[in-house]
Amino acid sequence: MIHKRKKVTIIGSGFVGSSCATWILARDLADVVLIDVNEGLAKGRALDLFSASPATNSNVTLTGGSDYSLAEDSDIAVITAGLARKPGMSRSDLLLKNSEIMKNICQSLKTACPQAVFIIVSNPLDAMVSLAHQILSVPGERILGMAGVLDTARFKAFVAEKLNCSVRDISALVLGGHGDSMVPLTRYATVGGVPLSVLMNEPDQKKLIERTKKGGGEIVSLLKTGSAHYAPAVGVVEMIESILKDQKRILPCSALLQGEYGEQGVFVGVPCQLGGKGLEKVVEIPLNAEEQNLFKSSAQAVKALLKEMKELLK
Ligand code: A3D
């Protein structure tokens, strides 16, 4: 039997999009197509990365352009197009502009690769996934938002720094919407199997939670222009790899809830099992009263953003 290589199309060849392509190349995961309104940028970045393939020992191709027919037969389509948050700009400020961009892109992808699994990265994340879902009209298993993998990675990195231990030993989980309302679940965090609460006092845990919540903003204010892209891109590629290799990893993603965690018809960050079919299972874990309340208010914040988006798009 002849197996063809997997294909990932990335819309938006800016910082996040081209970083995703870099990691896909480095891990030899799939052929990559970069699409951007700026055709030269997509073509140039693809050619630059393709030229790196001999040195990375990769056997994938990278091409670029602005024509959506390039996305045909993609196994996964990642949307990173849109405006990045600037200092002082709230996620809500981005809402209208990015909603219009997202609508146009999804209309094009619906024709080009309706069978793909879609991963949304553009902000404000949970609202953009909802909008994309509405336009693409694909089942919930085939559309996910990337945020939780990044937020969890940040939390793990801060814990490792504080405890002076290996990040590899840390297991942690961040639930909820992407933004200030996210819910890092310290109760479920472990270091080498030891509960975090044994190794770190509560005030220090709280400080790390706050730093995680504001992790994106901390980087934006240091950079002055643009926002984080290395860690977000690796987050996307973790999801892509689990899907393309049917690894069935449990990763926190923004997923369509259909009764899980007491929510219906809303995209919020929850633990998801990702495999060959895309989202194979939303993993429900017991939450205590405080965690439940935090999750509920995070879902409420996402719903409020959706309402605002609907009003703006009228
Ligand atoms: P940037 O480097 O500006 O890249 C965005 C790209 O999108 C540019 O190359 C644009 O030309 C392109 N673009 C704009 N409009 C269109 C369109 N209609 N069709 C095709 N391409 C278009 O930004 P970035 O890569 O740093 O960030 C991209 C998005 O990801 C932003 O919305 C960020 O806020 C978001 N982001 C989300 C996270 C999460 O954790 C959820 C993290 C980092 C960035």
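The values are calculated or read from the model by the stated rules, or taken from the named source; none is laboratory data. The structure displayed is predicted, hence computed values, not measured ones. Please note: Cβ atoms are built from the backbone with ideal geometry, for glycine as well, and neighbour counts cover all protein chains shown. In case anyone asks, the SASA skips ligands and DNA or RNA and just uses the protein heavy atoms, side chains included. Shrake-Rupley method; radii C 1.70, N 1.55, O 1.52, S 1.80 Å.
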Fill in the blank from the handout: Taking every C-alpha to C-alpha distance in region 30-79 and binning by 10 Å from 0, the per-bin percentages run 27, 53, 20, 0
Completion exercise
Summing -39500 (n - 2.57) over every DSSP H run of at least 4 residues in the chain and dividing by its residue count gives a helix-only mean residue ellipticity at 222 nm, to the nearest 500 deg cm²/dmol, of -14500 deg cm²/dmol
Exercise for the section: Select from region 175-284 those trypsin sites (Lys or Arg not before Pro) which occupy a DSSP coil region and have at most 11 other Cβ atoms within 10 Å, ordered by residue number. Expected result: K224
Practice task
Order these peptides, 153-161, 301-309, 128-136, by their mean beta-carbon neighbour count within 10 angstrom, highest first.
Solution key: 128-136, 153-161, 301-309
Completion exercise
Regression test value, accessible area per residue of the chain, probe 1.4 Å, units Å², expected 46
Practice task
Give me the accessible area of S19, 1.4 Å probe, in Å² rounded to the nearest 10.
Solution key: 10
Practice task
Compute the Rg/Rh shape ratio of region 264-308: radius of gyration over Kirkwood radius, all on alpha-carbon atoms.
Solution key: 1.04
Problem - Relative contact order %, the chain, counting alpha carbon pairs below 8 Å whose residues are six or more apart - result: 17
Practice task
In square nanometres and to one decimal, what's the mean projected area of the convex hull around the Cα atoms of the chain?
Solution key: 16.6
Completion exercise
Per region 181-314, sqrt(5λ) over the Cα gyration tensor eigenvalues, sorted largest first, in Å, gives 23, 22, 20
Handout entry: Backbone HN-Hα couplings from phi across region 235-251 [Karplus 6.51/-1.76/1.60, Hz, Gly and Pro as x]
Key = x, 4, 5, 4, 5, 4, 5, 5, 6, 5, 9, 6, 6, 6, 6, 9, 10
Problem - Computed accessible area, H3, all protein chains, 1.4 angstrom probe, square angstrom - result: 150
Handout entry: Dimensions (Å) - region 5-150, Cα atoms, principal axes, largest first
Key = 42, 35, 29
Fill in the blank from the handout: Protection proxy (average C-beta count within 10 Å per residue), highest first, orders 30-37, 267-274 as 267-274, 30-37
Fill in the blank from the handout: Heavy-atom accessible area of the chain with neighbours in place, 1.4 angstrom probe: carbon+sulfur share in percent works out to 54
Completion exercise
Once E161 and N57 are pulled to full extension, the length gained, defined as 0.36 nm per residue separation minus their Cα-Cα distance, is 34.2 nm
Problem - Percent RCO, i.e. relative contact order, over region 38-180, from Cα pairs under 8 Å lying at least 6 residues apart - result: 19
Exercise for the section: Give, rounded to the nearest 20 debye, the magnitude of the charge dipole that region 176-255 has about its Cα centre when Lys and Arg contribute +1 at Cβ and Asp and Glu contribute -1 at Cβ. Expected result: 40
